[in-house]
Amino acid sequence: MTTGTPRLSRSAIVGAAIRLADEGGLAGLSMRKVADSLGVGAMSLYRHVADKEALLLAMTEEIGRLYPYPVETSPPWRERVRIAVDVDWELYARHPWVVLAYSSPRNSYGEDSLECLDWLSAGFLELGVDIEQATDMALSVWSFVQGVALAAVGDELLAQQVRGESGPDAPCLTDVISGRSDADVPPHLARLAGRPDATRLLDPRARLDAGIDYLCAGFEASAR
């Protein structure tokens, strides 16, 4: 098949790469696999994308376009934070590989991402801080969401599952809260056993929302 085939374009290549990453993560992504999924020779891709690094950059830029913030609106800063958290959480849930891709500054700040960062940072200016501190606050929100997302989708990102390899006596938080752990539990954490409200600690989204509330309270306090 020649490179003149209509379906072979930069957008088609990026779309195919995103689908492959969604299915198998970044570890298994290669130019050859992208080419095979499109029914073309691997060398034909290089007329549209320089290399795998350029492909990954194009993938993250496309994801940024698919999950924009409402930059044409000007809600209060707390509402901006809520919107940003909702958008980013959905992005990471649908495309877990982006958690790792965004860990590289090269892939984190495309044109669309910078617009989103500008919009979120502008909201924090309402607190009376300067643009440097406002941007620091916005980046703190991003980092926290990314960190919780990494923990939530970790199993999908690991090439080799390690859960349970430490042996039956190693307690996990689920066992601690349920009171089912047969191992020694540190005294303060042992007080979580049987507490119904403590189960929210096992819900990534609940921990995300609680953590964002803590962050926002800290932002307000630091701006006084």
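Computed in the context of the full set of protein chains, the accessible area of segment 47-89 at 1.4 Å probe radius has 53% of its extent on carbon or sulfur. In the elastic network of the chain, a GNM with C-alpha springs shorter than 10 Å, the most mobile of 72, 126, 53 is 72. Stretching residue 118 away from residue 151 to a fully extended chain increases their span by 9.2 nm, per 0.36 nm per residue minus the current alpha-carbon distance. Which FRET efficiency value, to the nearest 0.05, is calculated for residue 86 and residue 174 with the Förster distance at 35 angstrom and r the Cβ-Cβ distance? Efficiency, rounded to the nearest 0.05: 0.85.
In whole angstrom, how far apart do the alpha carbon centroids of segment 199-224 and segment 5-56 sit? Between the Cα centres of segment 199-224 and segment 5-56 lies a distance of 39 Å. A full extension of the chain between residue 78 and residue 36 corresponds to an added length of 10.5 nm, given 0.36 nm per residue minus the alpha carbon distance.
The residues of the chain expose on average 57 square angstrom of accessible surface per residue, using a 1.4 Å probe on protein heavy atoms.
Take the alpha carbon gyration tensor of segment 14-119, find the square roots of its eigenvalues, order them as a ≥ b ≥ c, and report rounded if a/c is under 1.5; if not, report prolate when a/b exceeds b/c, else oblate. Prolate is the answer for segment 14-119, as a/c is 1.5 or above and a/b outweighs b/c.
Taking the C-alpha atoms only, the angle from helix 10-24 to the longest principal axis of the chain is near 40 degrees.
Computed from the C-beta positions of residue 132 and residue 66 and an R0 of 30 Å, the FRET efficiency is 0.50 to the nearest 0.05.
Protection proxy ranking for 12-25, 178-191, using the average of other Cβ atoms within 10 Å per residue and placing the highest first: 12-25, 178-191.
The values are calculated or read from the model by the stated rules, or taken from the named source; none is laboratory data. Predicted, not measured: the structure shown is a model, and the values here were computed from it. We place every Cβ from the backbone using ideal geometry, glycine too, and count neighbours over all the protein chains shown. Remember, those area values only see protein heavy atoms, side chains included, never the ligands or the DNA or RNA. Shrake-Rupley method; radii C 1.70, N 1.55, O 1.52, S 1.80 Å.
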